[in-house]
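Comments concern the structure below.
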Amino acid sequence: MLFNSIEFLIFFPLVTALYFLLPHKIRWFLLLISSCVFYMAFVPKYILILGVTIVVDYFAGIIIARMQGDNKRIFLIVSLITNIGMLFVFKYFNFFNENIKHLADFLNWNYPISGLSIILPIGLSFHTFQSMSYIIEVYRGKQQPEKHFGIYALYVMYYPQLVAGPIERPQNMLWQFHTEHSFDAHRVSDGMKLMAWGLFKKVVIADNLALVVNSIYGNPTQVNGLSLVVATYFFAFQIYCDFSGYTDIARGASRVMGIELMQNFKRPYFSKTISELWKRWHISLSSWFSDYVYIPLGAFL
């Protein structure tokens, strides 16, 4: 289900109305079921992928918190292999397999492994990284394991951020699912305005710019240099409005229910340096790599 679809136009107000009508103790269940429905609108059977990673990481987190030393490292590795393995199979296997096949053909080797006929699960990278952040934070002792299986599943599957992030840390999300949120007209108004702004950026700006960009980039030999320059600038605004628009819709939809998601874009094109741009563009993703890849790798090296 896409944010800019008729289905979501029905889905969002229905879920939100039920959210405030139901008592706090069962709201998590509503959001979890709603998130499953939201995700299964794409390819229903892919819900099993999420199910596997949720079960593995839920139990791994509890076990890791109870252990010390090498023993808990084993369960961390099991969790990471499961998450990265899912990501590799569905997103990168065909890419690597195709390149190995080309190399084998060049060297006249027999390479019998064929590609996989699979569709990339929607938002796979985002919920995989979110799951990994939870298990790493538990391993580092910065997050207590979530004992409520439903709440943990909701942390991974929360529908506003399921398609395009932001990638949240457990410290920001889990406590919000446990907190009761009452109806607040001012907050609802702010959330709806943010959603409207996100839809404007996505539907009015990004989608219309895409028509021009695709037309020019699709026929590069039939256009002049000025057209290519214009298309390049248009593409910069298209990709920004596409990503940030989706993020604003997600943040707005979540804010309506009283759950705050992190800001993911902070006027990146006003950056003065590349490093500053990196910090202001898809902030949740860049900070994820900084905290869990670059800094640990630098310490290791």
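The values are calculated or read from the model by the stated rules, or taken from the named source; none is laboratory data. Just so it is clear, the model here is predicted, and its values are computed rather than measured. Glycine gets a Cβ as well: all are built from the backbone with ideal geometry, and neighbour counts include every protein chain shown. The area values use the complete protein model at the heavy-atom level, side chains included, leaving out ligands, DNA and RNA. Shrake-Rupley method; radii C 1.70, N 1.55, O 1.52, S 1.80 Å.
The selection criterion, being touching a residue at least 24 places away in the same chain (Cβ under 8 Å), in contact with a Gly (Cβ under 9 Å, 6 or more places away or on another chain) and in a helix (DSSP H, G or I), does not hold for residue 165. Scanning segment 216-238 for residues that are within 29 Å of residue 166 (Cβ to Cβ) and open to solvent by 50 Å² or more (accessible area, probe 1.4 Å) gives 217, 232, 233, 234, 235, 237. Residue count for segment 107-127, restricted to those that are among the aromatic types (Phe, Trp, Tyr), farther than 30 Å from residue 35 by Cα and at pLDDT 80 or above: 1. Listed by first and then second residue, the pairs with beta-carbon distance under 6 Å, at least 6 apart or on different chains, first residue in segment 78-97 and within 15 Å of residue 130 (Cβ to Cβ), second open to solvent by less than 50 Å² (accessible area, probe 1.4 Å) and not β-branched (Val, Ile, Thr), are 79/57; 79/60; 83/131; 83/132. Consider residue 213 carefully, then state whether it is more than 26 Å from residue 131 (Cα to Cα), of a type in the set (Val, Ile, Thr) and surrounded by 19 or more Cβ atoms within 10 Å (Cβ to Cβ). Yes, satisfied. Note on segment 20-36: residues that are more than 11 Å from residue 180 (Cα to Cα) and either among the polar types (S, T, N, Q) or in contact (Cβ under 8 Å) with a residue 40 or more places away in the chain (or both) amount to 6. Looking across segment 250-301 at every residue that is of a type in the set (S, T, N, Q) and part of a helix (DSSP H, G or I), the one that is farthest from residue 130 (Cα to Cα) is identified as 275. Within the option set 122, 118, being in contact (Cβ under 8 Å) with a residue 12 or more places away in the chain, part of a loop (DSSP other than H, G, I, E, B), open to solvent by 20 Å² or more (accessible area, probe 1.4 Å) and within 22 Å of residue 253 (Cβ to Cβ) holds for one residue only, 122.
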